[in-house]
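Quick note: the coordinates plus some simple rules give every number you see, no bench work behind them. As the structure is a computational prediction, the values presented were derived from the model and not from experiment. Note: ideal-geometry Cβ built from the backbone for every residue, glycine included; neighbour counts use all protein chains shown.
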Amino acid sequence: MLPDFRLRQREYLLEISRAMSARLDLSSLLSLILKSATEIMAGQTGLITLRMPDGTYAPRASIGFPVQAVPLLEPLWQDLEDDAVSEKDISLRLAIASRAAGIPMRQVVALPMVIGEEKIGYIFIFRARGVAFSPNDTQVLRAFADQAAVAVHNARLYQQVSAERERLNAIIQNSGDGVMMINAYRIIQMWNKALTNMTGIPATEAIGQPCYEVLSLHSHEDRKIFHPQEDELYVEGIHHRADGLKTTLSINYAPQRNEDNEIIQYIANVRDVTRLREAEEMKRTLLSVISHELKTPVSIIKGYAGTLAREDADWDKKTLADGLSVIEEEADRLDRLITNLLEASRMQAGGFKIKESYLDLASMVQSVVRKLQATTDKHTITVDLPDDFPPIRGDHDRLREVLTNLIGNAIKYSPEGGTIAVHGTQGENNTVRLSIRDEGIGIPPADHERIFDRFYRVDNRLARQTPGTGLGLYLVKTVIEAHGGRAWVESIAGQGSTFWIELPAEA
């Protein structure tokens, strides 16, 4: 009889051990442990209570009791951890609980579930009939109590690990920097939201793929960069997005190693340094452009002045007049450049003010067109304004400069000539609109917003060959917005551009 009992006990414990390895659900594990212990100890009912954070106990699993009866058994576990509780006390508690629940319970054996020195709960087995529990029954129940304690301990550890994992995942997913985890074979295991926003690549397309294929980086010479390398854990390169944008990304790889010093994974921190690199490039370009733009008129002025001042030459009036005219033109050009630089600096510092007065925008457009048409014989500038074009309030000099910049750019960036059309309409909400359309080189969509930034110039051959500081459109947008209006562009590379300005009209 005894070997058979031991065999059954071992089978129960093996089943519980397998369940603990396969399940993570604490409630089902405790129910299985309680059911097994009740059956092998010939009990009719059973109960497991767990210690709460405030030190009290609460029922977590039961067998043989109606659900509504379980809370009525509280006298059994109240202050049970007190070592002074006697068997007589237990019997009295059992009688009180039995009467309260309306369930016959004659005998009980209760054992604490202990991990280390900590009591984490109690397991109870009840009999309504039959012989009293023996010391052997207590010994059997101890094995099940230990199993239950391990199950609770493992479940709590798993909950802590899960909570920590979720917290870490939330931190990573909501990080302002891109975060990517890759294994030792460079396969992406994790890809956060910031990285999706940077690259335009969703996590579903990135995870499971080689990082150097998904996050393809190229040098400025368009050479593909393979990353990471054992001896090169920082890379920086240009990433071409699917929407046509180019971003400069820097990636720092932190290798994670095992006990044998073998790399098991990399944690990569990815940052979009496009603006930083563009700012550096802008500084270099600014110094180059400004020095060139300042040096050219100064050199011309110096050259003509030196030539006209030669004592060994007897210049006629026409030669003198032509030379002085060139000096005056270059001085005006130098003055415009310096003025634009000062205006841009003033606007950036917030010291920009406009002087408002009533303006006839139609007359201003006609005046600027006449002046600029005289500078080119390859372009035809047409004007289409309604007869009832309303007046506006604004700064005459600054708005005239805006029109000069826009129409001048249309001439400059359509080197093959063609028609430049200036068109005016009345917009919605009591506004007026002007558009300047050319047949020039056009502007890629990715540059539509950025061409209004200070010192920014579209990266193409004509722009590099055409003199300019990249301040004209910045001044245009700033002046228009100071008047309560807006400026924007519609363009396709190679198909010309249309610049729009919208200003409030006077009622």
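Taking the convex hull of the Cα atoms, report for region 178-272 its projected area averaged over all directions, in nm².
5.8 nm²
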Legend entry - Length-normalised contact order for region 178-272 - Cα pairs under 8 Å, 6+ apart - percent: 27 percent
Legend entry - Neighbour-count ranking [beta-carbon atoms within 10 angstrom, fewest first] of 315, 500: 315, 500
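Work out how much length residue 67 to residue 325 would gain on full extension: take 0.36 nm times their residue separation and subtract the Cα-Cα distance, in nm to one decimal. Please list the in-between numbers first.
Numbers: separation 258, 0.36 × 258 = 92.88 nm, distance 10.48 nm.
Full-extension gain reported as 82.4 nm.
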Inset, instruction - For residue 35 and residue 302, compute 0.36 nm times the residue count separating them, minus their Cα-Cα distance, and round to one decimal in nm. - result: 85.7 nm
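What number comes out for the charge environment of residue 46, summing +1 per Lys or Arg and -1 per Asp or Glu over other residues with Cβ under 13 Å away?
Details: positive: 35, 60, 127; negative: 39, 137.
Local net charge: +1.
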Inset, instruction - Would you please give the residues with an amide H less than 5 Å from that of residue 121, counting only those at least 5 places away or on a separate chain, with H modeled from the backbone geometry? - result: 51, 113
Inset, instruction - Report the percentage of all Cα-Cα pairs in region 380-459 whose separation exceeds 15 Å, rounded to a whole percent. - result: 67 percent
Inset, instruction - Could you compute the FRET efficiency for residue 267 and residue 245, with r as their C-beta to C-beta distance and R0 at 30 Å, rounded to 0.05? - result: 0.70
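Could you tell me what percent of the DSSP beta bridges with both partners in the chain are antiparallel, to the nearest 5?
Working: 74 of 80 bridges.
Percentage antiparallel, nearest 5: 90.
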Inset, instruction - Would you mind ranking 481, 416 by Cβ crowding within 10 Å, fewest neighbours first? - result: 416, 481
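As a footprinting exposure proxy, order 307, 196 by other Cβ within 10 Å, with the fewest listed first.
Working: 307 12, 196 16.
Going from sparsest to densest Cβ surroundings: 307, 196.
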Legend entry - Solution diffusion estimate, µm²/s, Stokes-Einstein, the chain, Kirkwood Rh from C-alpha pairs, 10 °C, viscosity 1.306 mPa s: 50 µm²/s
Inset, instruction - With a Förster radius of 41 Å, plug the Cβ-Cβ distance of residue 295 and residue 213 into 1/(1 + (r/R0)^6) and report the FRET value to the nearest 0.05. - result: 0.30
Legend entry - Listed pairs 283/355; 355/412; 295/353; 193/246 exceeding 27 Å between Cα atoms: 283/355; 355/412; 295/353
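If each DSSP helix of 4+ residues adds -39,500 (n - 2.57) and the sum is divided by the residues in the chain, what number results at 222 nm, nearest 500 deg cm²/dmol? Kindly include the intermediate steps, with their values, before the conclusion.
On the way: 13 runs with 218 residues, N = 507.
That comes out to -14500 deg cm²/dmol.
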Inset, instruction - Evaluate the distance, in nm, between pseudo-label points positioned 7 Å from the Cα of residue 52 and of residue 393 along their respective Cα→Cβ axes. - result: 6.9 nm
